[in-house]
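Everything below concerns the one structure shown next.
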């Protein structure tokens, strides 16, 4: 069985560039999460992960 997310935080960033991949990189930098591992979550179970402010995320 795959591990379930236990914590999450929300953030946002804007990136503009003529190439989409570079714009995505700029958006990650703007959101200050360029050093984080991003995962794609298809479905969150009924018991949602606990939300933490960005400082603890």
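Could you give me the residue pairs with C-beta distances under 6 Å whose first residue belongs to region 13-25 and is more than 18 Å from residue 35 (Cβ to Cβ), whose second residue is in a loop (DSSP other than H, G, I, E, B) wherever it lies, and which are 6+ apart or on separate chains? Taking only residues 6 or more apart or on different chains, the pairs are 23/15; 23/16; 23/17. Within the span defined as region 14-31, one or more residues are modelled with pLDDT of 70 or more, out of contact with any helix residue (DSSP H, G or I) (no Cβ under 9 Å at 6 or more places or on another chain), surrounded by 10 or more Cβ atoms within 10 Å (Cβ to Cβ) and part of a loop (DSSP other than H, G, I, E, B).
The values are calculated or read from the model by the stated rules, or taken from the named source; none is laboratory data. In this text, all values refer to a predicted model and were calculated from it rather than measured experimentally. In this analysis, Cβ positions are derived from the backbone assuming ideal geometry, glycine residues included, and neighbour counts consider all displayed protein chains.
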